[in-house]
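Undergrad: Got a structure for you, written out below as structure tokens; questions coming shortly.
The values are calculated or read from the model by the stated rules, or taken from the named source; none is laboratory data. In this text the structure is predicted, and so the values were computed from the model without any measurement. Counting neighbours? That spans all protein chains shown, and the Cβs are built from the backbone with ideal geometry, glycine included. Side chains included, ligands, DNA and RNA excluded: accessible areas come from the protein's heavy atoms. Shrake-Rupley method; radii C 1.70, N 1.55, O 1.52, S 1.80 Å.
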Amino acid sequence: MNGGKEPMTTGVQIGDVWVPGRVLTAPMTGITDLPFRRLASRLGAAYVATEMVAAAELARARPDVVRRAAVGEGLPLTVIQLVGRDPDAMAEGARMAERAGADIVDLNFGCPAKEVTGAACGSALMRTPDLACRLIEAAVNATSRPVTVKMRLGWDDASRNAPQLARRAEALGVQAITVHGRTRQQFYAGVADWNAVGEVKAAVSVPVIVNGDILTVEDARAALAASGADALMLGRGIYGRPWLAAHLERALADGTVMQEPDATARLAIVIEHLRASVAFYGLPLGLKMFRKHLGWYIEQAPWPADPLDRRAAKARLCRLETPEAAESALAELWGSVTFSGNSPVDIRPQFAEAGAR
């Protein structure tokens, strides 16, 4: 039951694409690779974007870059995010993204990392809105797919120009805008200003998606209420919790707050993710890529009960050098669970009511 409240809408229209949910997962470098996207989608996430992909490198069809943007099978929706500063490369990158199967092409005007802003990309583009608009125009004209933009409030507090840039972006054909409620100079310090995202919502008629500091059901409701946004986007909140989008989606839809996975289900998720990473990247890279996720899975679990013991377990497991050793240590850490072949415990029934696929 939802306490007598009217049920919320179940999705958001972005151009000609219907996203069957209001809880979106952000593109995150080193996080939202294909193994993670497949897992999160299977657990019920409606929208999980690729890692940030350099438009110029995708345009040159570099094999490693194309692999990072790999679409793969079994995903209900494919969102490829591009970053860059050259309009011609952005146009070709958008064309390549569409050929790769993108349903939506997202442009990154929000990344605060120094290596990105130092190349005049990401959130640095909020200091050069004319260039940002040339990039938007190039992408929109190059693809038949909806183009969206992810931005921050501005470069710093003295130049919060997100509403103005969003208005220009809409005029150029952008179909949705995501706003992280911080400036670039804040990085991830302080708290996200969801009310300021509401200024962007008031400036445009396309869907606006609020991002930043959304970790719980209460956060999700507060962010939507403060911003008036059409949907929300999860970032760091999904670290070690790939099921979070499905949980929040259900809570927003009908008020049902789902339980966190128990030890058996959580272990199955982690083993599935580990095996998928190794299958995708091979060894030893697959295990190396998975270790950060493994650390988050352990940090987020309530077992062991003592946080110091969890930190010790994280340090020990993240040093293991084979997938078999990691699986064995996880089973020992979280209880006796038997796996056979390549099919870990099927947890889909637990998430069926959240729309898991």
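Undergrad: Which ³J(HN,Hα) values in Hz, rounded to whole numbers, follow from the phi angles of segment 136-145 under the Karplus curve 6.51 cos²θ - 1.76 cosθ + 1.60, where θ = phi - 60° and Gly and Pro get x?
TA: Values, residue by residue: 4, 4, 4, 5, 4, 6, 8, 9, 8, 7 Hz.
Undergrad: Could the peptides 144-152, 241-249 be put in order, highest first, of the mean number of other beta-carbon atoms found within 10 Å of their residues?
TA: 241-249, 144-152
Undergrad: Taking θ as phi - 60°, what are the ³J(HN,Hα) couplings along segment 30-37 by the Karplus curve (6.51, -1.76, 1.60), each to the nearest whole Hz, with x for Gly and Pro?
TA: Each residue of segment 30-37 in turn: x, 10, 8, 6, 4, x, 5, 4 Hz.
Undergrad: Also: Rg(Cα) of the chain divided by 2.2 N^0.38 Å?
TA: Its radius of gyration relative to the 2.2 N^0.38 Å reference: 0.98.
Undergrad: Another question, then. Going by alpha carbons, how many degrees (0 to 90, nearest 10) lie between the helix axis of 194-203 and the longest principal axis of the chain?
TA: Tilt relative to the chain: about 40 degrees.
Undergrad: Based on the Cα atoms of segment 131-262, what semi-axes does the equivalent ellipsoid have, where each is the square root of 5 times one gyration tensor eigenvalue, given in whole Å with the largest first?
TA: Three semi-axes, in Å: 27, 17, 13.
Undergrad: Moving on to the next point. If you build the convex hull over the alpha carbons only and average its shadow over all orientations, what do you get for segment 236-281? Give it in nm² to one decimal.
TA: The number I arrive at for segment 236-281 is 3.9 nm².
Undergrad: Next up: Taking only Cα atoms, what is the 0 to 90° angle, nearest 10, from helix 323-334's long axis to the longest principal axis of the chain?
TA: Roughly 70 degrees between the two axes.
Undergrad: Here is a further query. Which whole-number value in Å³ per residue fits the convex hull of the alpha carbons of segment 182-231?
TA: Cα convex hull per residue, to the nearest whole number: 70 Å³.
Undergrad: Here is a further query. List the chymotrypsin sites (Phe, Trp or Tyr not before Pro) within segment 161-228 that DSSP assigns to loop and that have no more than 16 neighbouring Cβ atoms inside 10 Å.
TA: Taking segment 161-228 and a limit of 16 other Cβ atoms within 10 Å, the loop chymotrypsin sites (Phe, Trp or Tyr not before Pro) found are Phe187, Tyr188.
Undergrad: Less than 25 Å apart at the alpha-carbon level, and either on another chain or at least 8 residues along: which lysines does that give for Lys114?
TA: Lys150, Lys288, Lys292
Undergrad: Could you pull the accessible area for Ser205 with a 1.4 Å probe, rounded to 10 Å²?
TA: Counting only protein heavy atoms, Ser205 exposes about 100 Å² to solvent.
Undergrad: Could you do me a favour and compute the accessible area per residue for the chain, 1.4 Å probe, result in Å²?
TA: Numbers: 14760 Å² over 357 residues.
About 41 Å² of surface per residue is accessible.
Undergrad: Once the Cα atoms of helix 307-317 and of the chain are each reduced to a long axis, what angle between those two axes, in degrees from 0 to 90 to the nearest 10, is obtained?
TA: Between helix and principal axis, roughly 90 degrees.
Undergrad: Something else now. Specify, per residue and in Å³, the volume enclosed by the convex hull of the alpha carbon atoms belonging to segment 71-125.
TA: Spread over its residues, the Cα hull of segment 71-125 gives 80 Å³ apiece.
Undergrad: Tell me, what HN-Hα J-couplings in whole Hz come from the Karplus equation 6.51 cos²θ - 1.76 cosθ + 1.60 at θ = phi - 60° for each residue of segment 228-243, using x for Gly and Pro?
TA: Using θ = phi - 60°, the values come out as x, 5, 7, 7, 10, 10, 8, x, 4, x, 8, 4, x, 9, x, 8 Hz.
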